[in-house]
Amino acid sequence: MNLKAQINITPYIDILLVLLIIFMVLQPVSRHQLESRPVEEASTPAAAPQAVIVLSVDEQLNLSLNGEEIPFNRLGSRLFDVFSGRSDKRLYLAGDPALPFGDVVRLVDVAKASGAGDIGFLELKSGS
């Protein structure tokens, strides 16, 4: 008598077919596609790129907006004036590494309330 030990794969095939049916049922019926439209060229030339807005703050909380010194109590109104006439609402906040986190949060809150969109963080270089 010659006995061979073989693995019975029939239960594995049954499990595979059940999983295949489950995944076919779970597959969404309709595919979502992104709509694309051709871009028509503007008859007028493109506007000149807008200047970058950088708010710098040092360890003593001295603020400057693109090099112009500004007190904290006027920051909100000044940023509102700047962002009201711009399509690009990006603001870069250049801060001293020793600046407390709470002060950074206050500046971000004022900037967001004044109309800033995306805010990027920069490290203030010494002597800037």
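Values quoted throughout were computed directly from the atomic coordinates according to the rules given, and no laboratory measurement underlies them. Since the structure is predicted, the reported quantities are computational estimates derived from the model, not experimental observations. Neighbour counts are summed over all protein chains in view; Cβ atoms, including those assigned to glycine, are modelled from backbone coordinates with ideal geometry.
Spin-label pair Ile119-Val105: with each label point 7 Å from Cα along the Cα-Cβ axis, the two points sit 1.2 nm from one another.
Taken along the Cα-to-beta-carbon direction at a fixed 7 Å, the label points for Asp14 and Glu59 span 7.5 nm.
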